[in-house]
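Report on the following structure.
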Amino acid sequence: MSILKWILLLTSISIYSCQTMPTEQLAYSDYPVYRGTDLGLTYQKEATQFKVWSPSADQMTLSIYDAGQGGKATEELSMKKGEDGVWHATAQGDLLGKYYTFKANIGGEWSMEVPDPYAKAVGVNGQRGMVIDLAATNPDGWEADQRPPLNSWTDAVIYELHVRDLSMDPNSGIEQRGKFLGLTERGTRAPNGEKTGLDHIKELGVTHIHLLPSYDYKSVDESQLDTPQFNWGYDPQNYNIPEGSYATDPYDGRVRIREFKQMVKTLHEQGLRVIMDVVYNHTYENETSNFNQLVPGYYYRQNESGGFSDASACGNETASERPMFRKFMLESVKYWVEEYHVDGFRFDLMGIHDLETMNLISRELHQIDSTILLYGEGWTAGASPLPDAERALKANTKQMNGIAAFSDDIRDGIRGHVFTPEQKGFISGQADLAESIKFGVVASTSHPQVDYSKVNYSKSAWAKHPIQTISYASCHDNHTLWDRLEINTPEADESTRKKIHLLALTIVLTSQGIPFLHAGTEMLRTKQGEENSYKSPDEINRLDWSRKTTHRDAFLFVKELIALRRDHPAFRMQTTELVQKHLVFLEDLEEQLVAFTLNDHANGDPWEKILVAYNGGPDSKALDLPEGTWKVALENEKISSTGFRVHQDATFNLAANSAIILFQN
Ligand code: CA
């Protein structure tokens, strides 16, 4: 999250006054811990068992309803307190299709009625849980669904997408606009015949679709879907359930589950993996969240006065170091992997979570499948009471196993600091950012030719291996790359700006690490200058498919660049040792030049030697080439996988704001 986004978000959500913990309460560390994995409900035709953890409660009631909202309870059951703070009740008879809530009496006061955090299905707007038979939500052929092959995390090319954005353009040719099912439509075309939607993503050649929050979030009213509404969804309500507004029917809790699975299955069939953006770091509500109604305070960190601490800048921060929230996170991600076949997670504000929890998540998920991709934002949006040394901050990435962090070093090296839009980046001529680009090229790892003292943010390597770095130039936060260039390169004409934009993507896709693309950046996506579009209308957020035609050259270039990366393992080294051995920077270059070679068939590359050079400056620059006969694979924003020509001279004149790739074979 950008801090700015959260500041703006704060103006639109309710802030509850901080409350002091009741004095008679046990310390949270003394709360009993439940080890079983049956919290929530266990459905059987004859009877359904419910279990809720609440050591705080003096009484607990289960209410059964016929609908997801409205009407009176058809049954109310008083629950019994068992071991380790777990309340249980068994409702006789077949409850399939019924809805339910819990309320807790704590210190003489009844809580609101809420679903429990472990609910796996809900009715409209997530207000009541629903009893379903999960197996009955599986689409045909679900048992045979398989993850597309992936050898290494560095083979991934991530495409960051909001469910609505892909299909909301009236010219998308997609029928299920704004829905999970919109990602399942094949053969969709813009009016001029360009591929759109899923066919477009396939054509581009990325490997992973990273979906912005697609669990059940709060800010879109699912009962008013005829009213235009948009939100990114960083406001979690029910973590283990898909968002209802992306389903064709948000009232029947089974539909969103079936359609989410259908989406995953179709994407898998098309060779694409699916990553979920997960926001365990805070809940939309404070006092009134499901967690807090059932166990006040426990799931959240507290500030010095006992109120909610707020490292998310959204009113609260969760306490992953407490066993029962750690357990919740672990079971939740495992559930998405096992029930929905999700292939990876992007942890929002991962720097709020503790290192131990993140490593447990990595261990458990990689036991299920070692190729599951895990990464997150190694920062917070505010101060946390948990010490920095214990949290999953970017600076602590080396202490995490199998988890990557976003590199704001390369992002801002490329484009300039995200919060000062007028500032230029390396690509548009800023003079002092070459070392930050080199830092990005080696994916934040240790390399003898990087002068870490000159890197924009990090003054030392923070990734143990390239697999721990997510390289990017833009994402949903802040200006799109194109809009940023409109602001910070007023002197440039459109064709120059296009060169600058494509230079940025060339750096991302030729750097070591895991490249990450903001959806639509391949067609120079614009949000009309909107910096923070978290709740802006579809007209701002949606992909405008006419740009694929207008900027077809850009699209083709990015597509070929992705193919080049796919065909050349030299760009995808898995270990720091390999990078140190094979990647050599050219030295004593002019200030706005970065150049390096990938030597000796690096990482099994078919090319013996590859030379990559970026000129971020506004003038052409002469580069002295290392010895040998060089063929040209990339120049003037065009790519030839076999080489356009042999370059005869000992120097190469690099055009302003451009990149070249040469090779020897
Ligand atoms: Ca929702």
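The values are calculated or read from the model by the stated rules, or taken from the named source; none is laboratory data. Given the structure is predicted, the values throughout are model-derived calculations rather than measurements. Cβ: placed from backbone, ideal geometry, glycine included. Neighbour counts: every protein chain shown. These area figures cover heavy atoms from the full protein model, side chains too; ligands, DNA and RNA do not enter into them. Shrake-Rupley method; radii C 1.70, N 1.55, O 1.52, S 1.80 Å.
Bridgeable lysines around LYS464 (alpha carbons under 16 Å apart, same-chain partners fewer than 8 residues away excluded): LYS394, LYS398, LYS581. Each label was represented as a point 7 Å from its Cα along the Cα-to-Cβ direction; for SER495 and ASP249 these points are 5.6 nm apart.
Scanning the chain for long hydrophobic helices, with DSSP H runs required to stretch 15 angstrom or more by C-alpha along their axis and to average at least 0.0 on the Kyte-Doolittle scale, returns 494-510, 552-567. Between exposed trypsin sites (Lys or Arg not before Pro) in the chain, where DSSP calls loop and at most 15 other Cβ atoms lie within 10 Å, what's the longest gap? By the stated rule (loop sites, at most 15 other Cβ atoms within 10 Å), 187-458. Ranking of LEU502, LEU360 by solvent-accessible surface, largest first: LEU360, LEU502 (1.4 Å probe, protein heavy atoms only, all chains present). When Lys and Arg each count +1 and Asp and Glu each count -1, what net charge do the other residues less than 9 Å away from ASN665, Cβ to Cβ, add up to? Once positives and negatives cancel, what remains is +1. State the percentage of accessible surface on the chain attributable to carbon and sulfur atoms; use a 1.4 Å probe and exclude ligands, DNA and RNA. Carbon and sulfur: 47 percent of the exposed surface of the chain.
In the full protein context, the range 582-664 carries 43 Å² of accessible surface per residue, based on a 1.4 Å probe and ignoring ligands, DNA and RNA. For the chain, give me the percentage of DSSP beta bridges that are antiparallel, rounded to the nearest 5 percent. Once the DSSP bridges in the chain are tallied, antiparallel ones form about 70 percent. Legend: residue pairs LYS218/LYS548; LYS45/LYS179; LYS98/LYS120, Cα-Cα distance threshold 24 Å; pairs beyond threshold, LYS218/LYS548; LYS45/LYS179.
In loop segments of the range 33-142 as defined by DSSP, the GluC sites (Glu not before Pro) with at most 14 further C-beta atoms inside 10 Å of their C-beta are GLU46. Of the residues THR629, VAL584, ASN615, the one whose Cα sits farthest toward the positive end of the charge dipole of the range 582-664, with +1 on the Cβ of Lys and Arg and -1 on the Cβ of Asp and Glu, is THR629.
Sparsely packed loop sites in the range 115-167 (the chymotrypsin sites (Phe, Trp or Tyr not before Pro) outside DSSP H, G, I, E and B with at most 12 other Cβ atoms within 10 Å) do not occur. About its Cα centre, the range 25-133 has a charge dipole of approximately 140 debye under the convention of +1 per Lys or Arg Cβ and -1 per Asp or Glu Cβ, with nothing else charged.
Given +1 at the Cβ of Lys and Arg, -1 at the Cβ of Asp and Glu and no other charges, the dipole of the chain around its Cα centre is 840 debye to the nearest 20.
Under 13 Å from the Cα of LYS609, which aspartates and glutamates turn up, not counting those fewer than eight places away in the same chain? Here the aspartates and glutamates satisfying the reach criterion relative to LYS609 are ASP600, GLU627.
Here's the picture: charge each Lys and Arg Cβ at +1 and each Asp and Glu Cβ at -1 in the chain, and of ASN231, SER332, GLY187 the one pushed furthest to the positive end of that dipole is GLY187. Backbone phi angles across the range 170-178, fed through the Karplus curve with coefficients 6.51, -1.76 and 1.60 (θ = phi - 60°), yield HN-Hα couplings of x, 9, 6, x, 9, 7, 8, 5, x Hz in residue order; Gly and Pro are listed as x. For the range 461-540, rounded, prolate or oblate, judged on the Cα gyration tensor with a ≥ b ≥ c (square roots of eigenvalues), a/c < 1.5 rounded, else prolate if a/b > b/c? It is oblate, given that a/c is not under 1.5 and a/b is not larger than b/c. Among the GluC sites (Glu not before Pro) within the range 148-230, which fall in a DSSP loop and have no more than 16 other Cβ atoms within 10 Å of their own Cβ? Answer in residue order: GLU175.
Treating r as the C-beta distance of GLU608 and GLU364 and R0 as 45 Å, the FRET efficiency rounds to 0.60. Annotation: for a label point projected 7 angstrom from Cα along Cα→Cβ of GLN449, residues of the range 557-582 with backbone N closer than 18 Å are 570-582.
Using the structure shown, list the pairs from LYS499/LYS621; LYS498/LYS559; LYS265/LYS535 with a Cα-Cα distance above 22 Å, or answer none. Where the Cα-Cα span goes over 22 Å, the pairs concerned are LYS265/LYS535.
Counting helices only, and only those DSSP H runs with n ≥ 4, report the 222 nm mean residue ellipticity of the chain as the sum of -39,500 (n - 2.57) divided by its residues, in deg cm²/dmol to the nearest 500. One gets -6500 deg cm²/dmol as the mean residue ellipticity at 222 nm. Separation of the range 355-433 from the range 646-665 is 33 Å, based on Cα centroids.
For the chain, what class follows from the C-alpha gyration tensor (a ≥ b ≥ c being the square roots of its eigenvalues): rounded when a/c is under 1.5, otherwise prolate if a/b is larger than b/c, else oblate? Prolate, because a/c is 1.5 or more and a/b exceeds b/c.
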